[in-house]
């Protein structure tokens, strides 16, 4: 959570400085016509509660994230987004007891539409695409009465994004975004599929700093 606070203060500082900094730089340069953008930040991922019978909650957590975008024009872009490290989750049973831990690392490709002119201080955007999230280091064997290893198959599905870019100048910007992933990974026991799927469907909230060129 300390990382989340640091990034939040950085974004708020950038937002406070952005109108003056962008106005000063606008006469010399412009964001319009720049085709590439990269963003680095931190994201909090939180799965929904009660994803399956016997599981009350899968705790969320933060991880660093990166994205790279190509702009076909000032408004339409395609973005590759993913976690630079794994999200850590604690799995809790219906009684609130800890059943184990699991890690995941999502990767997504989305089309986006950015509203307004490229040089606007605030630029909201929306996006939709496809993602996969790989689960690893599952230590939730207590969920199986047989004591066999319990694993999660790769989650695949749709991802939706809403966010806003806050221009600092023609190159640098701060970003805040939220994403929804339709995640229904299948539980496996001793390497065999069970047919039971976890309804994780996580939301993410992210903050970052980006550059366009």
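The values are calculated or read from the model by the stated rules, or taken from the named source; none is laboratory data. Just so it is clear, the model here is predicted, and its values are computed rather than measured. FYI the Cβ positions are ideal-geometry reconstructions off the backbone, even for glycines, and counts take in every protein chain you see.
Only one entry of 91, 126 meets the criterion of being surrounded by fewer than 16 Cβ atoms within 10 Å (Cβ to Cβ), touching a residue at least 24 places away in the same chain (Cβ under 8 Å) and not in a loop (DSSP other than H, G, I, E, B), and that entry is 126. So in the range 51-60, with the set limited to residues that are surrounded by fewer than 17 Cβ atoms within 10 Å (Cβ to Cβ) and modelled with pLDDT of 85 or more, which one is farthest from residue 90 (Cα to Cα)? Out of the qualifying residues, it is 56.
When 158, 183 are checked against the criterion of being touching a residue at least 60 places away in the same chain (Cβ under 8 Å), under 22 Å from the mean Cα position of the chain (by Cα) and closer than 25 Å to residue 42 by Cα, a single residue qualifies: 183. Which condition breaks for residue 188 when tested against (1) in a strand (DSSP E or B); (2) loosely packed, with under 15 Cβ neighbours inside 10 Å; (3) at pLDDT below 95? Here residue 188 clears every test but (2). Of the set (1) under 23 Å from residue 64 (Cβ atoms); (2) at pLDDT 95 or above; (3) not in a strand (DSSP E or B), all apply to residue 166 but (3). In this entry, residue 151 passes the filter for residues that are more than 16 Å from the chain's Cα centre (by Cα), at negative phi and assigned to a strand (DSSP E or B). For the structure I just gave you, tell me whether residue 135 is at pLDDT 95 or above and part of a strand (DSSP E or B). Against the criterion (at pLDDT 95 or above and part of a strand (DSSP E or B)), residue 135 does not qualify.
Exactly one condition in (1) crowded, with 17+ Cβ neighbours inside 10 Å; (2) free of Cβ contacts under 8 Å to residues at least 60 places away in the same chain; (3) closer than 17 Å to residue 81 by Cβ is false for residue 135; which is it? Unmet for residue 135, out of (1) crowded, with 17+ Cβ neighbours inside 10 Å; (2) free of Cβ contacts under 8 Å to residues at least 60 places away in the same chain; (3) closer than 17 Å to residue 81 by Cβ: (3). Looking for something part of a loop (DSSP other than H, G, I, E, B), in contact with a strand residue (DSSP E or B) (Cβ under 7 Å, 6 or more places away or on another chain) and under 18 Å from residue 209 (Cβ atoms) - is there at least one such residue anywhere in the range 57-72? Within the range 57-72, not a single residue is part of a loop (DSSP other than H, G, I, E, B), in contact with a strand residue (DSSP E or B) (Cβ under 7 Å, 6 or more places away or on another chain) and under 18 Å from residue 209 (Cβ atoms). Based on what the data block shows, is residue 43 within 30 Å of residue 94 (Cβ to Cβ), modelled with pLDDT of 95 or more, within 15 Å of the chain's Cα centre (by Cα) and surrounded by 19 or more Cβ atoms within 10 Å (Cβ to Cβ)? Yes, satisfied. Being closer than 30 Å to residue 95 by Cβ and modelled with pLDDT of 95 or more is a description that does not apply to residue 80.
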